[in-house]
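Q: Below is one structure. I have some questions about it.
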Amino acid sequence: MKKKTYKPFDELLKSTGMTYKAIASRSGLEEYQLYRLRRCPSKLNGELISKIVLATNLDEKKLFDISYFFAKKVDISQQNVG
């Protein structure tokens, strides 16, 4: 079975030592919202990144990079299919 979430984002979140449930709660998100972001990090916007940074003390640039590189990866794969 193929993993449905984006591994680099999962690893970054796990590096905090917090559970996904705790990260979601401290970020003011529902668990399903964090799961959707883990599946498609390109949906991370400035507001969501700020909430996650405040809750986890993660480096804001790392979250932006994950969002950007995921979007670029998805865009490239969609162009190759189309």
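The values are calculated or read from the model by the stated rules, or taken from the named source; none is laboratory data. These numbers come from a predicted model, not from an experiment. Glycine also receives a Cβ, built like all others from the backbone with ideal geometry; neighbour counts cover every protein chain displayed. Please note that ligands, DNA and RNA were not included when accessible areas were found on the heavy atoms of the full protein model with its side chains. Shrake-Rupley method; radii C 1.70, N 1.55, O 1.52, S 1.80 Å.
Q: Per residue, how much accessible surface does the chain expose to a 1.4 Å probe? Answer in Å², no decimals.
A: On the way: 5710 Å² over 82 residues.
Normalised by residue count, the accessible surface of the chain is 70 Å².
Q: Leaving out ligands, DNA and RNA, what percent of the accessible area of the chain is carbon and sulfur, probe 1.4 Å?
A: Working: 2930 of 5710 Å².
The value for the chain is 51 percent carbon and sulfur by accessible area.
Q: Continuing with this model, one more query. Give, as a single signed number, the net charge of other residues whose beta carbon lies under 13 Å from the beta carbon of Gly46, with Lys and Arg counted +1 and Asp and Glu -1.
A: Values: positive: Lys43, Lys51, Lys61; negative: Glu47, Glu60.
Net charge around Gly46: +1.
Q: In nm, to one decimal, how far is the Ala22 label point from the Lys7 one, both placed 7 Å along Cα→Cβ?
A: About 2.5 nm, to one decimal.
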